[in-house]
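To keep things clear, I will list the structure first and then write my remarks on it.
The values are calculated or read from the model by the stated rules, or taken from the named source; none is laboratory data. Not measured: the values here are computed from a predicted model. For neighbour counting, all protein chains shown are included, and Cβ atoms are generated from backbone atoms with ideal geometry for every residue, glycine included. Please note that ligands, DNA and RNA were not included when accessible areas were found on the heavy atoms of the full protein model with its side chains. Shrake-Rupley method; radii C 1.70, N 1.55, O 1.52, S 1.80 Å.
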Number of protein chains: 2
Amino acid sequence: VTELHIPEIALIEDAARRLAPVLVNVPLMESERLNAHLGGRLLVKAETLQPTGSFKVRGAWNRIALLSPEELSRGVLALSSGNHGRAVAWAARRAGARRAVVLMPADAPVNKVEYTRALGAEVVAYDRRSADRAELVRCWREREGLVYVPAFDDPHIVAGAATIAYEVANEAAAAGFRIEAFLAACSGGGLIAGSALALSALSPTTEVWAVEPQGYDDTAQSMARGHRVTVSASGETICDALLSLTPGEYTFEINKKRLSGVIGASDDDARRGMLAAFEEFGLVTEPSGALALGALLSNRLSLQGRTFVVVLSGRNVDQDVFAKQLAAATKIPGLSRSDARHH
Amino acid sequence: VTELHIPEIALIEDAARRLAPVLVNVPLMESERLNAHLGGRLLVKAETLQPTGSFKVRGAWNRIALLSPEELSRGVLALSSGNHGRAVAWAARRAGARRAVVLMPADAPVNKVEYTRALGAEVVAYDRRSADRAELVRCWREREGLVYVPAFDDPHIVAGAATIAYEVANEAAAAGFRIEAFLAACSGGGLIAGSALALSALSPTTEVWAVEPQGYDDTAQSMARGHRVTVSASGETICDALLSLTPGEYTFEINKKRLSGVIGASDDDARRGMLAAFEEFGLVTEPSGALALGALLSNRLSLQGRTFVVVLSGRNVDQDVFAKQLAAATKIPGLSRSDARHH
């Protein structure tokens, strides 16, 4: 394996400085009821409140703010299930790029397509099941002369995502508490790789756990074998932002060394996370964005007596889907409002 | 009219210091799309993210933190449509009050009743249409020896609510922008009275507008006549937190001198505000909490070329009601997600 360049903490600090003017600075939030229910302390990092509605704005802006005038005059290209595309469209407009082209699956949520278009980007649909993504990207890059902004497999994208855990570690240090574990959803692995990098520098005893949808467990399988494997899409999931079938090369190099483990979580976990975010925090989340929270609510990792941070990573969900998943969540046994009186 | 004691800015600063440890410090948020649509700058203050899910925690904690050990040993009493009750239950538990009794309408949203109970309070239902509230309160106070914590008509409650505009004015001063107008929903008038007090001290050129549900326009009618009047409940509204029929004595004394005006808004405005909070900010709001935002979206006050701050004051809504109101929300021409492609 080639030894890849791993961003030092200085790169993450640079990213944090670059991002400060565009981010919404929201402190960690907690719910006394959730804490009591779980027997520990659960702190949520609401990336749902960032511009474009997901953490993806961090990597996109960190990368696009570094483009040269010549690169901006050519325009940018992204391949994305939706959130990265919207973030790239936003960053491209802000940076003054001539154009932004976003390749998005034909079955992406309506809002992800429409908000990306509303930011002036050209959205090009592809078939998620049959398309050769690498070939698609190569073709658009060469034909149109666009600068490609990867969704995760890039040091600047990872350094951008790393600013989340960087902020969390600084907040914990300032408030004087220790974080036993940090959890975030994992698709290509950029968010969790960045988290692992920042925490290994600033809070090295904190465990870092990736949460994947069951059936899209490419990072778990790759971790188990010690090298990157491609899984076959085995069924449906409501987590439309977490459908990667292979870990990133750069991100896996980090993750295989630094992750404490990978948790597989179900659609019911995602729904449960969405309901808890709604009821306990008044936050809208998309299924993928609530999966890590839901995994904790389902006790896939015990919080007992410990302090955990979980990232709510996105909230770009169609209104009818949101209503439907919340309604379905209430039928899952366990924590729901109607149990409140029993506490 | 008796000259009532009006809190000086020092009382608001005291409240801000007392509240700092219990509040979630969220900066003003804005949406580029909403700004472009409205032709101005719209900043939202997300009180929905505060503990107990509404701004009411500010007044409740500011009042209850000042109770003596003897008063805490007697316990507290509140009369509330829900949010103030939940906030009082939360503050009473935190302060170590022996008990909290909350008188709440029998038709209050389920979540308002259950979360208040889950905090250890005794919730007593009364009939909103027939009960003599003053008599109810008097009876419970005397019989049980409880300390009454008013929902709005009290200098400490108003000073607590005033910390919202105090924070907003300080944030605007630090960032170097001027706020032309400040809007918040109005029931008994505590939130808007506090806002007016803080702004008259810190940002005296800022207009302060109260937003009431049509049919529950007791503050508008009282302003028009120069004295407090009681309106008759004329029909239904989804704004369950804004059903007051008479302004508070103390709050009206402030409001009649300091408000720029009162805006009547419809259920459709509330739904529209809820939809915009969901789509543009990822925030859950209850109808009452989104009414002021919705009034702006319906152009009941023009934002053209100006900077406005609007308070999202609460988010304690039952999940089925939330879904139903979002689905029923009138799309805003040119803004709603399904129109995004036309931009």
DSSP beta bridges in the protein assembly as shown, what fraction antiparallel, as a percent rounded to 5?
10
In degrees from 0 to 90, rounded to the nearest 10, what is the angle of the helix A:9-19 Cα long axis to the longest principal axis of chain A?
80
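Averaged across A:279-289, how many Cβ atoms of other chains sit within 10 Å of each residue's Cβ atom? All intermediate terms of the calculation are to be shown ahead of the outcome.
On the way: counts 8, 2, 7, 19, 7, 7, 1, 1, 0, 0, 1.
Mean inter-chain Cβ contacts per residue within 10 Å come to 5.
Would you mind working out the accessible area per residue for chain A, using a 1.4 Å probe, and quoting it in Å²? Could the numbers behind the result be given before it?
Working: 12250 Å² over 343 residues.
With all protein chains present, chain A gives 36 Å² per residue.
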Any chance you could give the angle, 0 to 90 degrees and rounded to 10, that helix B:83-95 forms with the longest Cα principal axis of chain B?
50
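So for A:127, A:269, what's the accessible-area order with a 1.4 Å probe, most first?
Numbers: A:127 80, A:269 5 Å².
So, going from the largest accessible area down, we get A:127, A:269.
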Please average, across the residues of B:25-32, the number of beta carbons from any other chain that are within 10 Å of each residue's own beta carbon, and give a whole number.
4
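So which trypsin sites (Lys or Arg not before Pro) in the range B:140-200 end up in coil per DSSP with only 16 or fewer other C-beta atoms within 10 Å?
Working: sites: B:141, B:143, B:178; in loops: B:178.
Sparse-neighbourhood loop trypsin sites (Lys or Arg not before Pro): B:178.
Apply the a/c threshold of 1.5 to the C-alpha gyration tensor of the range A:63-119 and tell me whether it is rounded, prolate or oblate. Walk me through the numbers on the way to the answer.
Values: a/c = 2.52, a/b = 2.19, b/c = 1.15.
Verdict is prolate for the range A:63-119.
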Once accessible area is computed for A alone, B alone and the pair with a 1.4 Å probe, the total buried surface, to the nearest 100 Å², works out to 3300
Calculate one ³J(HN,Hα) per residue across the range B:236-244 by plugging θ = phi - 60° into the Karplus curve 6.51 cos²θ - 1.76 cosθ + 1.60, and present them in order as whole Hz with x for glycine and proline.
9, 9, 7, 8, 5, 8, 10, 9, 5
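Using alpha carbon coordinates only, what is the Rg to Rh ratio of chain A, with Rh defined as the Kirkwood radius?
Details: Rg = 18.9 Å, Rh = 19.9 Å.
Rounded to two decimals, Rg/Rh equals 0.95.
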For a quick protection proxy, order the peptides A:129-136, B:167-174 by their average other-Cβ count within 10 Å, most packed first.
B:167-174, A:129-136
Please label the shape of the range A:140-267 as rounded, prolate or oblate, based on the square roots a ≥ b ≥ c of the eigenvalues of the alpha-carbon gyration tensor (a/c under 1.5 means rounded; beyond that, a/b larger than b/c means prolate, else oblate).
oblate
Short to long, in 5 Å steps from zero, the percent of alpha-carbon pairs of the range A:63-219 per bin is 2, 9, 16, 17, 18, 14, 11, 8, 4, 1, 0
Quick one: what does P(r) look like for the range A:1-121 with 10 Å bins over all Cα pairs, in whole %?
13, 33, 30, 18, 5, 1
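Shielding of A:323-332 by partners, i.e. mean partner chain Cβ atoms within 10 Å per residue? The partial results should precede the final answer.
On the way: counts 7, 1, 0, 4, 3, 0, 1, 2, 0, 0.
So the per-residue partner count for this stretch is 2.
Given the pairs A:331/B:331; B:112/B:331; A:331/B:56; A:45/A:331; A:324/B:331; A:112/B:112, which are separated by over 22 angstrom at their Cα positions?
Table pairs above 22 Å Cα-Cα are A:331/B:331; B:112/B:331; A:331/B:56; A:45/A:331; A:112/B:112.
Based on Cβ point charges of +1 for Lys and Arg and -1 for Asp and Glu, what charge dipole magnitude is obtained for the range A:203-335 about its Cα centre, in debye rounded to the nearest 20?
Numbers: 12 positive and 16 negative charges, 92 e Å.
The dipole of the range A:203-335 has a size of about 440 debye.
Between the DSSP loop rule and a limit of at most 16 other Cβ atoms within 10 Å, which GluC sites (Glu not before Pro) in the range A:223-310 are left? Spell out each step's value before the answer.
Working: sites: A:236, A:249, A:253, A:279, A:280; in loops: A:236.
Sites meeting the loop and neighbour criteria: A:236.
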Show me the ranking of peptides A:198-204, B:241-247, A:270-276 by mean Cβ neighbours inside 10 Å, starting with the highest.
A:270-276, B:241-247, A:198-204
Once both label points are put 7 Å beyond Cα along the C-beta direction, the residue B:148-residue B:73 separation in nm becomes 2.4
Applying 1/(1 + (r/R0)^6) with R0 = 35 Å to the Cβ-Cβ distance of residue A:170 and residue B:35, what FRET efficiency is obtained, to the nearest 0.05?
0.70
Please report, in whole Å³, the volume per residue of the convex hull around the C-alpha atoms of the protein assembly as shown.
148
Rounded to a whole number, what % of the accessible area of the range A:127-265 do carbon and sulfur atoms account for, probe 1.4 Å?
48
Report, in whole Å, the centroid distance computed from the Cα atoms of the range B:159-175 and the range B:53-113.
24
One computes Rg over Rh for the range B:212-271 from alpha-carbon atoms, with the Kirkwood Rh, and obtains 0.96
At residue A:129 and residue A:178, where each label point lies 7 Å from the Cα along Cα→Cβ, what is the point-to-point distance in nanometres?
5.0
